[in-house]
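S.K.: Would you mind keeping the following structure in view while I ask a few things?
Readers should treat all values here as calculations from the given coordinates under stated rules, not as data from a laboratory. No experiment lies behind these values; they were computed from the predicted model shown. Every residue, glycine as well, gets a Cβ built from its backbone with ideal geometry; the counts of neighbours run over all protein chains shown.
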Amino acid sequence: MKTKNYFVLFSILLVYIFMNFGSQTVAQTQRNPVLEECTGTWCQWCPCGHDIMEEIKAAMPNAIMIGYHGPANGSDPYSFFPGNQILSLMGYTGYPTAVIDRTGPPISRGSWPGAMNQRFNIPATVGITIDKSFNSVTRELDATVNVSALEDLTGEYKMTMILLEDGLLHSQTGNGSCPGGGNDYVHNHVVRAIINGATGEELNGGNPWNTGEIISKDIQYVVPAEIIPDSSHLVVIVNKVQGGFSSSEIQQAEEWTLVSPDYVATISSTSEDIIGENSATAEFRTVVRSDGILDDSYYVDITMDAPIGWSGEYTSANGTFPFEHQDLISVPAG
């Protein structure tokens, strides 16, 4: 899907960092709070949960929504996904309930917005990037996930990759307060597979994880034939193992489309070169213009070629981020 011409403005900030006593400074990354919901096509109150998730997403575009359909291997056709033991590991009993950033047991839907807002303001402790390719013929996903420590970390950390699918049509039970729908009811954020297992994959093995250290994991996966790649997303979660499973706090999460777009945006800058003291702040404004006729979204990665000791950050409509953060910007038609 392509977009109509539209301009998105970024402010790129390069700041010189004075290095004292050999210390290293690494910028914090904006947290992408994660809501992990248990839901079911049979559940009469779940449409209200779906509505709240969409409201949160509209107010907090970088929030990540995950819908586990359950109970595992039950009447819900989406409850048979690989890794569905996560439903019992999380301790879900009532539907719909959700775990927020794995900071405690499942909570009722009325508490979701407040809990997500609280997590939004807590900086992430790791940064996550991905190098991936998807072969549409063989349906093979080949990915390398890179996780960098943004501060000195102790304890055991794990990484989980989840495959989501949007736009699934299936009947949904509801009631007078939470209307459901027939076979045209649209289910989004549906978990189709936990690719590397419900409990995730070891990152540091409990060893000290120093600031700036990058741990990489390779993943290969064949997407099942019944899943539509163009409607699918990948989510990577990094959590710290502690207490119960639902209390193993998420340090950061990122979300990407499974299929990368086959077109690029046009990027240009009208800012002049800046010459000044090395302790000064240099600010550049860059315009990203998409070419097309429909709404779309773009992932933004910014790198810097600068002397040692310089750091950078950029500002989009979603907030201010260090260069190692990948942002998702929405470009509406019109």
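S.K.: So if we plug the beta-carbon distance of GLU283 and ASN117 into 1/(1 + (r/R0)^6) with R0 = 25 Å, what FRET efficiency do we get, rounded to 0.05?
M.R.: 0.25
S.K.: Report the label-to-label distance for SER108 and ALA59 in nanometres (one decimal), using points 7 Å from each Cα along the Cα→Cβ vector.
M.R.: Distance between label points: 1.8 nm.
S.K.: With label points built 7 Å along Cα→Cβ from the Cα atoms of SER247 and TYR299, find their separation and express it in nm.
M.R.: Distance between the two pseudo-spin positions: 3.5 nm.
S.K.: Order the peptides 154-161, 123-130 from the highest to the lowest mean number of other Cβ atoms within 10 Å of their residues.
M.R.: Ranking, from highest mean packing down: 123-130, 154-161.
S.K.: Going by amide H atoms built from the backbone, whose H comes under 5 Å of the H on ASP327, apart from near neighbours?
M.R.: VAL300
S.K.: Related question: What nm value, rounded to one decimal, do you get for the distance between ILE214 and THR93 when each label is placed 7 Å out toward the C-beta?
M.R.: It works out to 4.5 nm between the two label points.
S.K.: Residues of the stretch 40-69 with amide nitrogen under 20 Å from the 7 Å Cα-to-Cβ point of ASN183?
M.R.: Output list for this probe position: 41-43.
S.K.: How big is the stretch 34-257 in terms of Cα radius of gyration and Dmax, in angstroms?
M.R.: 17.1, 54
S.K.: I need the phi-derived Karplus couplings for the stretch 176-184: 6.51 cos²θ - 1.76 cosθ + 1.60, θ = phi - 60°, integer Hz, Gly and Pro marked x.
M.R.: Result, ordered by residue: x, 8, 10, x, x, x, x, 5, 9 Hz.
S.K.: Please give the residues of the stretch 179-214, grouped as numeric ranges, whose backbone N is less than 17 Å from a label point set 7 Å along the Cα-to-Cβ vector of THR173.
M.R.: Under 17 Å, as judged by backbone N against the label point of THR173, lie 179-183, 185 of the stretch 179-214.
S.K.: Let me ask you something else. Test of understanding: express the Cα radius of gyration of the stretch 132-255 as a ratio to 2.2 N^0.38 Å, with N the residue count.
M.R.: 1.29
S.K.: Hey, can you grab everything whose amide H is under 5 Å from the amide H of THR39? Only 5+ residues off in sequence or another chain; H modelled, so Pro and N-termini drop out.
M.R.: So THR39 has HN proximity to TYR68, HIS69, GLY70.
S.K.: Find the relative contact order for the stretch 128-208 and round it to a whole percent, using C-alpha pairs within less than 8 Å whose residues are 6+ positions apart.
M.R.: Across the stretch 128-208, relative contact order equals 32 percent.
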